[in-house]
Amino acid sequence: MTPRPTTTASAVLRRLLDWRRPAPEPAPPQAPVAAENLSPTSSVRFFPHWNPYCVKQLHGLIALILDIQARAEHHRIWVECGSLHGESAALFLAFPFVEQLHCIDIRSFPTLQQRLRPLLKSGRCVFHLGTSQERAAEIPVADVVYIDANHSYQSVRYDIAVWYPRITPGG
């Protein structure tokens, strides 16, 4: 087992983001919005109750990707359970070490198809319609599985049980 680096990208990013500065104004309270009512220009990065004036969530996702890449060089096949509008998928595919991404969702949003059109045509991104449990048989192995579908405890636990045996050693 290789020793973990003492300074990870996420640790550096966390220090940068948590620098002592005044806290941003809290966002006004908003009623939750159903995903199908989001406009194509709405960002789900901040859905439904995150502060849209703070980009810590986005920075955290980038730090997660960099940490995964730093741990091993073979993280080429990724699965995203719950793709919605394709925002996370577009971010994952911005990194060249992600050779193929399997996006799984119970609905096919036009925004996802538009955002990822060239990558879907090239085969670098593959969209699977259905639940992650239903589509797991179509993807025998994966290096990274990002679970972001149904956020209930039972569903996440079941996704982990389904996908864990498909993760490559070191994934």
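Values as computed for the structure displayed
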quantity: Residues (closer than 24 Å to Phe97 by Cα and over 17 Å from the mean Cα position of the chain (by Cα)) located in segment 140-163; calculated: Pro140, Val141
quantity: Filtered residues of segment 141-162 (kept if touching a residue at least 40 places away in the same chain (Cβ under 8 Å) and of a type in the set (A, V, I, L, M, F, W, C)); calculated: Val141, Ala142, Val144, Val145, Ile147, Ala149
quantity: Complete set of residues in segment 53-99 that are of a type outside the set (A, V, I, L, M), in contact with a helix residue (DSSP H, G or I) (Cβ under 9 Å, 6 or more places away or on another chain), open to solvent by 20 Å² or more (accessible area, probe 1.4 Å) and at pLDDT 90 or above; calculated: Phe95, Phe97
quantity: Enumeration of residues in segment 100-114 that are buried (at least 21 other Cβ atoms within 10 Å of the Cβ), part of a strand (DSSP E or B) and either of a type in the set (S, T, N, Q) or touching a Gly at 6+ places or on another chain (Cβ under 9 Å) (or both); calculated: Cys103, Ile104, Asp105
quantity: Count - residues of segment 79-101 that are over 11 Å from the mean Cα position of the chain (by Cα) and not small (Gly, Ala, Ser); calculated: 7
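The values are calculated or read from the model by the stated rules, or taken from the named source; none is laboratory data. Owing to the predicted nature of the structure, the values given are computational and were not obtained by experimental measurement. Methodologically, a virtual Cβ is constructed for each residue, glycine included, from the backbone with ideal geometry; neighbour enumeration extends over all protein chains shown. Just so you know, the surface numbers come from the protein's heavy atoms only, side chains and all, with ligands and any DNA or RNA stripped out. Shrake-Rupley method; radii C 1.70, N 1.55, O 1.52, S 1.80 Å.
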